[in-house]
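Read through the structure below, which is laid out as structure tokens, and then see the notes.
Just so you know, all these numbers are worked out from the coordinates, no wet-lab data involved. This structure is a prediction, so every number in the text was calculated from the model and none was measured. All Cβ positions, even for glycine, are placed from backbone atoms using ideal geometry, and neighbour counts span all protein chains on display.
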């Protein structure tokens, strides 16, 4: 028997206690957990420095080192994150509707925790506190499996949280970290249907693919974003330019950044030179189809693969289309069902785009960068779902809950 | 390339057209489909007779033959089922809430079809028309993979439906049947993530296990039901007896039938003789723990395995417990998260049971047999989900939908 079974058993047991905990109590303990992180600041930063040094030695690239690195400010942000969660309304326990059937049975749908949530993530140690906070607030026990690069940081953070839980009369098994960083253990983790109710992978495309392909536990797929902006024949040019610049360059490495443009043929001759001027000034390379390359020599010829690529870099693909239908077909074929935008002044085309694009978030005249739990007003985010089951788009506290029917009778039997 | 890819492509294409179809049009076509089933009655019954004969020859057992068999009445019920679906409110297109953010972005959550639904089922040919009707009403294309025993019946039903669709100007690919009944094809079907948005298995425990373990497409697990009734120390005896008799014997082979009893020790001496008298009169065998066997010699000793068994037969397991906590722990350990009931006059124990039992449907003083889309007032049922993701309990039309965020802006960019 591997070490995972006892971890699963303890999480399941903890989840029973957590599901009964009242909101005030959960908030009090979350506040104590935030304090504990600040109290343990020296220890956490010290072991994080060791993780960072080891990663540097291994030749891990700078952008990943930056994700791994904790600073006093980042640790403070982590603790503040827990405090922010205390301000959110706890969704648990609400009965969504309660109706009386003709036979007198009263049936309602009650919001309840999942039970045990599994999170598989990569190098960011802030996910550790963040995922715990959201799961705890929704009465779920969480089992974390972070990346090997951050193992010492994650251990220190979890230790601080568990101590705070214990001191405050709560089971420390509300949060557990799998310390074994081997690959075999992840596969076993993904098949613990008896103990884990839902698995949420957070990380790059490779990690998510592995989880989707190997997990027997139900998964919420979070996402890669090959996000498009379609510049319609009726677009307002200054608006289009401003939105494209924002969606591509405001932050490069995020899933809601724009990766591909689709431009209507009718305006392409006029629009492309303006676009290229704007993008080149920002150092963005545009990989475009033949027609676009003929209009602007600044474009680089695109391959088929470019249209399927999430660059997370100063690169954009571009395609010219002859109709909004062609634009929609192109986007629905290549997108990852994340965020898509149309820039148009046409009522008809705006509605058509909203209706026919298959994605978690469909925009008219706004930047795709808004697909985010905070921007959507949820006050938190456990990830952005790109699947259609259970939750789609930014996930707040509610995505960490399920429901059960409660039925009140007075002796009813079925005829 | 296997035959499945073109089936997937055609379904995906059909789903685009279906997602745009208006409710009135969908209802008109469903009515025509119901008529087509009645028009083709002779053909359908004829090939069904062949399926039944072949199954008899193979030595298939009577209860399965009965599931396979179509009669003029059953065919009429199938057609009526489609007509009933026309009376239900189409959930598609509703925007669940639309709110304005501080920056003026207007964000709403729109109900949309999944796209393509895959159904894997066993011998009941009525699932063929039923699943099509529910998917069609919710704007989904459906790919069906029925059992090999019913293949000719399913082909004839799908042919009738597709002809009716074609004649009425709708793409026949709204419903497709996988005619290859090999096992290899099912495995491939379960991994067509590019074409299938959700997979719903309908059938016995073996089928569902296979799908859960092999599918990379998101699955809605439907269910086996190891349903319990807990007779509390404060139970009303006549009510308990009537509910137990109903939940066990009103229909044996269904997932919401009671399979196991839990009885409080304090009332066991008084209650068990009454219970045994009632159940023996109905020919029900009770497999019980030692304490119960000492009280009633009519009980048969239970093994550990009995408590985990969904009998679907005139057999019940029984365990005596010393407290409601022990009852809840026992049920949460052995149940399949389907339907559980308490019989009690105690407010406190009723609330405790409702709060702490982990199942799709939790009852106070009523028969577990009510867990059903029709009994819950949904007017339809595609299955009963025993998982926590997306849908839990009886699933009506809404369970066949997802949402997408629609965001209306006027040039917003992220700072």
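Each label point is 7 Å from the Cα along the Cα-to-Cβ direction; what then is the distance between the points at residue B:60 and residue B:20, in nm? Modelled inter-label distance: 4.1 nm.
Tell me, in nm to one decimal, what length is gained between residue A:205 and residue A:103 on full extension, where the rule is 0.36 nm per residue of separation less the Cα-Cα distance? Extending this stretch completely gives an extra 31.6 nm.
Expressed as an acute angle from 0 to 90° and rounded to the nearest 10, what is the orientation of the C-alpha long axis of helix B:237-249 relative to the principal long axis of chain B? For helix B:237-249, the angle is close to 50 degrees. Global size of region B:1-158: 19.0, 71 Å for Rg and Dmax (C-alpha atoms, Rg to one decimal, Dmax whole). The ranking of B:221, A:259 by Cβ neighbour count inside 10 Å, starting from the fewest, reads B:221, A:259. Judged by the gyration tensor of its Cα atoms, with axes a ≥ b ≥ c, region B:227-370 is rounded; a/c sits under the 1.5 cut.
Across region A:47-168, the mean sequence separation of Cα contacts (distance under 8 Å, 6 or more residues apart), normalised by length, yields a relative contact order of 28 percent. Counting other Cβ atoms within 10 Å as a rough exposure proxy, the listed residues B:330, B:390 run B:330, B:390 from fewest neighbours to most. For region B:225-310, the square roots of the Cα gyration tensor eigenvalues, ordered a ≥ b ≥ c, give a/c below 1.5, which places it in the rounded category. Each copy carries residue A:304; placing its label point 7 Å along the C-beta direction from Cα gives inter-copy distances of 5.6 nm, listed from smallest up. Geometric descriptor of chain A, per residue, is 180 Å³ (volume of the convex hull of the Cα atoms).
Note on residue B:348/residue A:84: beta-carbon distance plugged into 1/(1 + (r/R0)^6) with R0 of 30 Å gives a FRET efficiency of 0.25.
Considering helices alone, the calculated mean residue ellipticity of chain B at 222 nm is -13500 deg cm²/dmol, with DSSP H runs of length four and up weighted by -39500 (n - 2.57) and normalised per residue.
Taking the DSSP bridge list for chain B and keeping only pairs wholly inside it, about 30 percent are antiparallel.
The long axis of helix A:205-214 is offset from the longest Cα principal axis of chain A by roughly 50 degrees. When you count the other C-beta atoms within 10 angstrom of each residue and take the mean per peptide, A:37-50, A:61-74, A:124-137 line up highest first as A:124-137, A:37-50, A:61-74. Projected over all directions and averaged, the alpha-carbon convex hull of region B:320-381 occupies 4.6 nm². Per-residue mean of foreign Cβ neighbours for B:68-77 is 0 (Cβ atoms of other chains, 10 Å radius). Counting Cβ atoms of other protein chains within 10 Å of each residue's Cβ and taking the mean over peptide B:351-357 gives 3.
Ranked for footprinting exposure by Cβ neighbours inside 10 Å, fewest first, A:233, B:277 give B:277, A:233. Only beta bridges with both residues in the protein assembly as shown are counted; by DSSP, about 25 percent of them are antiparallel.
Taking a ≥ b ≥ c as the square roots of the Cα gyration tensor eigenvalues, with a/c under 1.5 meaning rounded and otherwise prolate when a/b beats b/c, else oblate, which class fits the protein assembly as shown? Cα axes put the protein assembly as shown in the oblate bin. The rotation axis taking chain B to chain A passes closest to the C-beta of one chain B residue; that residue and the distance in whole Å read B:390, 2. Ranked from shortest, the separations from the 7 Å Cα-to-Cβ label point of residue A:166 to its equivalents in the other copies are 7.1 nm. With a 10 Å cut-off around each Cβ of A:317-326, the average count of Cβ atoms from other chains is 0.
Contact order, relative form, for chain B: 17 percent (alpha carbon pairs under 8 Å, 6 or more residues apart, mean separation divided by residue count). Its convex hull of Cα atoms gives region B:307-415 a direction-averaged projected area, equal to a quarter of the hull surface, of 11.8 nm². When residue A:274 is represented by a point 7 angstrom out along its Cα-to-C-beta vector, the spacings to that point in the other copies are 8.3 nm, nearest first. Please give the helix A:126-137 orientation as an angle from the longest Cα principal axis of chain A, in degrees from 0 to 90, rounded to the nearest 10. It is inclined by approximately 60 degrees.
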